[in-house]
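Encoded as structure tokens, the structure appears first; notes follow it.
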Amino acid sequence: MTKYSSRYASSPEAVKKYDTQQLREEFLIDDLMQEDEVVLVYSHYDRYIAGSAVPVKGDLSLETIDPLKAPYFLERRELGIINVGGSGSVVVEGTVYELGFKDALYIGAGNKEVVFKSDDKSNPAKFYLNSAPAHTTYPTKKVSLEEANKLQLGTMETANHRTVNQMIIGSVVTTCQLQMGMTELKPGSVWNTMPAHVHDRRMEVYFYLDIPQDQAVCHFMGQPQETRHIWMNNHQAVISPPWSIHSGSGTSNYTFIWGMAGENLDYGDMDVCKITDLR
């Protein structure tokens, strides 16, 4: 079963006037990882789609949705997948790709059949999905967590010591515009993406995981001089417009998956915001 919703773009001037509920309705994705369903959110920022697939009782197929006006989902799209649950597999046009915990898979445009499977229904795979429009087809490729390009950033003194795992990114996988990776915070560190930044040529979606029970992450967004916050729980995602910072601080350490798309593939193309200038 597939269900989807759409989110329209909001201007920074409009967001300044949003109360807590409207902010959450516009940017928070809080219904992911539903058993035996494919859940998709179609954002009008760069036509990005974030979603999930959790096969338990049986296999799940990636089906097209009405906003695409396409006979199959990947007719003009590429797809990135990271498994955040038990072991499973993704079948792409008959080829089986085994995905363990935190393994990734890139699927190029033009593939008609994509099927999600769990190895053990008592510990199902939980596939987190990101998709962006694609102008050509690139080969499907699996990237394990061990194969990721790893960056060690931050320090314990500033509470942001972290490992950035670049997984679906130019140095590892060839894509049209989709980029994905996973940042793991070390014990004792709670801040992600600080100093904060914006990148006006691409949008981003954050998906938080490994948040312990009864803990939470406060995600910061908005223009650097007009910030807002959204409290988030485990396995929730948040849409970040191109004009917005995207940063967070947790009540414990945690992990988050970042995915982005836009008109460039330069990971370092960003405007850094001085910490003392944030408002």
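The values are calculated or read from the model by the stated rules, or taken from the named source; none is laboratory data. Just so you know, these numbers come straight off a predicted model, no measurement behind them. With ideal geometry, Cβ positions are generated from the backbone for all residues, glycine too; neighbour counts draw on all protein chains shown. Heavy atoms of the whole protein, side chains included, go into the accessibility calculation; ligands, DNA and RNA do not. Shrake-Rupley method; radii C 1.70, N 1.55, O 1.52, S 1.80 Å.
Observations
- Efficiency of FRET between D30 and T163 - r from beta-carbon atoms, R0 22 angstrom, step 0.05: 0.25
- Approximate spin-label separation R201-T251, in nm, with each point projected 7 Å along Cα-to-Cβ: 4.1
- Shown here are the Rg and Dmax of the Cα trace of region 182-236, at 12.3, 36 Å.
- Intensity falloff of region 219-273 expressed as log10 I(q)/I(0), Debye formula with alpha-carbon point scatterers, at q = 0.30 Å⁻¹: -1.40
- Virtual paramagnetic centre 7 Å along Cα→Cβ of E63, amide N under 17 Å, in region 8-37: 34-37
- Ranking by accessible area, most exposed first, for Y267, Y42 with a 1.4 Å probe: Y267, Y42
- Note on K3: aspartates and glutamates with a C-alpha under 15 Å away, same-chain residues under 8 apart excluded, are D30, D31, E35, D36, E37, E63, D66.
- Modelled spin labels at A9 and T95, positioned 7 Å past Cα toward Cβ, are 3.4 nm from each other.
- Taking all protein chains together, W258, W191 sort by accessible area into W191, W258, largest first [probe 1.4 Å].
- Spatial separation of Cα centroids for region 96-146 and region 2-16, in angstrom: 26
- Rg over Rh for region 73-136 works out to 0.99, both radii taken from alpha-carbon positions and Rh defined as the Kirkwood radius.
- Note on T227 and R76: their simple-model spin labels are 3.9 nm apart, each label 7 Å out from Cα toward Cβ.
- In percent, rounded to a whole number, the relative contact order of region 184-250 is 45, using alpha-carbon pairs under 8 Å and six or more apart.
- Using a cutoff of 8 angstrom between alpha carbon atoms and counting only pairs six or more residues apart, the relative contact order for the chain works out to 17 percent.
- For region 168-279: rounded, prolate or oblate by the Cα gyration tensor [a/c cutoff 1.5]: oblate
- Gyration tensor over alpha-carbon atoms, region 1-141, equivalent ellipsoid semi-axes in Å: 27, 19, 12
- Overall form of region 1-69 per C-alpha gyration tensor (a/c, 1.5; a/b vs b/c): oblate
- When you restrict to C-alpha pairs under 8 Å that are six or more residues apart and normalise by the size of region 131-264, the relative contact order lands at 27 percent.
- Between the labelled values (1) 295; (2) 121; (3) 163, the entry that holds volume of the Cα convex hull per residue in Å³ as derived from this structure is (2).
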